[in-house]
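Peer 1: First the structure, which I've put down as structure tokens, then a few questions once you've had a look.
The values are calculated or read from the model by the stated rules, or taken from the named source; none is laboratory data. Note that the structure is predicted; figures quoted are calculated from it, not measured. No Cβ is skipped: glycine too gets one built from the backbone with ideal geometry, and neighbour counts run over all protein chains shown. Ligands, DNA and RNA are stripped out before the accessible areas are found, and what is left, the full protein with its side chains, is counted by its heavy atoms. Shrake-Rupley method; radii C 1.70, N 1.55, O 1.52, S 1.80 Å.
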Amino acid sequence: MLKLFVVSHLRLCKLWLQCALTPGRGWIRLLLVLIWPLFIVLQFGHWLAFLADELLFRGYRKVAITRPLFVVGPPRSGTTHLHHVLSADADTTTFSLWECLFGLSVTAKKLVVLLIAIDRRSGRPFGRLIDFCERRWLSAMEDVHPLRLNAPEEDFLAFMPLAQCFILIVIFPKAEWLWRTARLDVEMSASEREVWADWYRLCVQKHLYVFGADKTFLSKNASFSGSVKTLLQTFPDASLIVCSRNPLKTVPSQLSSLLPGLHAAGFKTLDPNFKQGIIELLEFYYLHLYQVAQEYSRQMAFIDNAALRNDLAQAVTSAFVHLGRPLSDEFAARLDRADQQSRSSSSGHRYRLEDFDLNEQQIRHRFAAVYERYRFAEGEAVLR
């Protein structure tokens, strides 16, 4: 663990130096240079809190992770929507945004829960302030990716202390280990995958220790699409629901969703090499998920994005039957209500291939191997 701590902080410092020494990006670069040390301090705080756990809450290590459920799939394929639907099941528990950012340890979780309780007893002054800030600064992201501190969120953020959270690629597109992490199953060594898995297992155990060891752990991570084999080896009784979507929609949607982050990071235009890297990664996700499903077919269920929109209840029910997972009457009723909402809702996120100097012919040629293996917009069975 000490070696991992040192390597992780060296990576964080390397990113800071990379930002400081690379010209361009205007005043944003200076702001990042000034703020990044505070970010490093936050990650150091996670490590200190992990150390406190070993002194105060070692019981978390005895928590069994039984039949966890993972939602994966290429980005922009409906994983967030499905995650929110499944998290409505009272028998599940999942990471929220505040927990990913500030409460990875048992110590921090308990402290934050205590502070929330005190705030509520005091009339929620801090809670109302947070609500205002979310409406003021996060509402613009609603159509791309809803962000709320207490809402279910991708727990790949738990890898921030290791500097292995793929979202950092938006700020540091030349960090080669982030691109390798996105292809964990095939580009990382066995020892690196073991370290990754051990860290994630600890984070899940800590979550269950505080929020319900008797509940089913639910996780959603589009960037775990390159790690599914490692996940299945780490959690042998796990189930995966894989969302999918036609690349003609996925590619421009993903590129469009990254633009706000790239602009905020000081990049005025979409670098052609970065665009190519994202497209290649999307292709890898499709093909890798298909390949792993040939070996773990009973533990992986595929749902097409069209089915999530137009036949949500039936698609989820079929996936649960395939995976041999129970579906409670209470959750089935919630699923029906979510189905009705899904049919009547529409996203305000707008994007076109032409906006990124792409066309349908290019995508069909680039993803030819994907189209050979998938059927899109045909409901529950999306593998050929």
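Peer 1: Of the residues LEU282, LEU358, LEU312, which single one is within 20 Å of the chain's Cα centre (by Cα) and either surrounded by 11 or more Cβ atoms within 10 Å (Cβ to Cβ) or closer than 26 Å to VAL186 by Cβ (or both)?
Peer 2: Numbers: LEU358 fails: within 20 Å of the chain's Cα centre (by Cα); LEU312 fails: within 20 Å of the chain's Cα centre (by Cα).
Within the list LEU282, LEU358, LEU312, the selection yields LEU282.
Peer 1: Going residue by residue through the range 266-275, is there one that turns out to be in a helix (DSSP H, G or I), over 13 Å from LEU358 (Cα atoms) and either open to solvent by 10 Å² or more (accessible area, probe 1.4 Å) or modelled with pLDDT of 95 or more (or both)? Give the derivation first.
Peer 2: Of the residues in the range 266-275, the ones in a helix (DSSP H, G or I) are 272-275.
Checking the rest, the ones that are also over 13 Å from LEU358 (Cα atoms) come to 273-274.
With the extra rule that they be either open to solvent by 10 Å² or more (accessible area, probe 1.4 Å) or modelled with pLDDT of 95 or more (or both), the set shrinks to 273-274.
So far as the range 266-275 goes, yes, one or more of its residues are in a helix (DSSP H, G or I), over 13 Å from LEU358 (Cα atoms) and either open to solvent by 10 Å² or more (accessible area, probe 1.4 Å) or modelled with pLDDT of 95 or more (or both).
Peer 1: Which pairs have Cβ atoms under 8 Å, sit 6 or more apart or on different chains, and link a residue in the range 294-313 that is touching a residue at least 24 places away in the same chain (Cβ under 8 Å) to one that is open to solvent by 10 Å² or more (accessible area, probe 1.4 Å) and of a type in the set (Val, Ile, Thr)?
Peer 2: What qualifies is LEU312/VAL85.
Peer 1: Another question, then. Looking at (1) under 20 Å from TRP179 (Cα atoms); (2) hydrophobic (A, V, I, L, M, F, W, C); (3) touching a residue at least 60 places away in the same chain (Cβ under 8 Å), which one does LEU259 not meet, given that it meets all the others?
Peer 2: (3)
Peer 1: Answer with yes or no whether ALA319 is open to solvent by less than 40 Å² (accessible area, probe 1.4 Å), in contact with a strand residue (DSSP E or B) (Cβ under 6 Å, 6 or more places away or on another chain) and in a helix (DSSP H, G or I). Break it down stepwise before answering.
Peer 2: Numbers: open to solvent by less than 40 Å² (accessible area, probe 1.4 Å): yes; in contact with a strand residue (DSSP E or B) (Cβ under 6 Å, 6 or more places away or on another chain): yes; in a helix (DSSP H, G or I): yes.
Answer is yes for this residue.
Peer 1: Right, GLU378: out of contact with any Cys (no Cβ under 7 Å at 6 or more places or on another chain), among the charged types (D, E, K, R), open to solvent by 60 Å² or more (accessible area, probe 1.4 Å) and at pLDDT below 85 or not? First the steps, then the outcome.
Peer 2: On the way: out of contact with any Cys (no Cβ under 7 Å at 6 or more places or on another chain): yes; among the charged types (D, E, K, R): yes; open to solvent by 60 Å² or more (accessible area, probe 1.4 Å): yes; at pLDDT below 85: yes.
So GLU378 passes the test.
Peer 1: A further question follows. As an exercise: evaluate GLU295 against (1) closer than 15 Å to SER239 by Cβ; (2) in contact with a strand residue (DSSP E or B) (Cβ under 6 Å, 6 or more places away or on another chain) and give the number of the one condition it does not meet.
Peer 2: With respect to (1) closer than 15 Å to SER239 by Cβ; (2) in contact with a strand residue (DSSP E or B) (Cβ under 6 Å, 6 or more places away or on another chain), GLU295 is out only on (2).
Peer 1: OK, next. Just checking, does the range 203-216 include any residue being farther than 19 Å from CYS100 by Cα and open to solvent by 10 Å² or more (accessible area, probe 1.4 Å)? Write out each step before concluding.
Peer 2: Of all residues in the range 203-216, those farther than 19 Å from CYS100 by Cα come to 214.
Next, only the ones that are open to solvent by 10 Å² or more (accessible area, probe 1.4 Å) stay: 214.
Yes: one or more hits.
Peer 1: Okay, next question. Filter the range 56-110 down to the residues that are under 30 Å from PHE126 (Cα atoms), in a strand (DSSP E or B) and in contact with a helix residue (DSSP H, G or I) (Cβ under 8 Å, 6 or more places away or on another chain) and list them by number.
Peer 2: THR92, THR93, THR94
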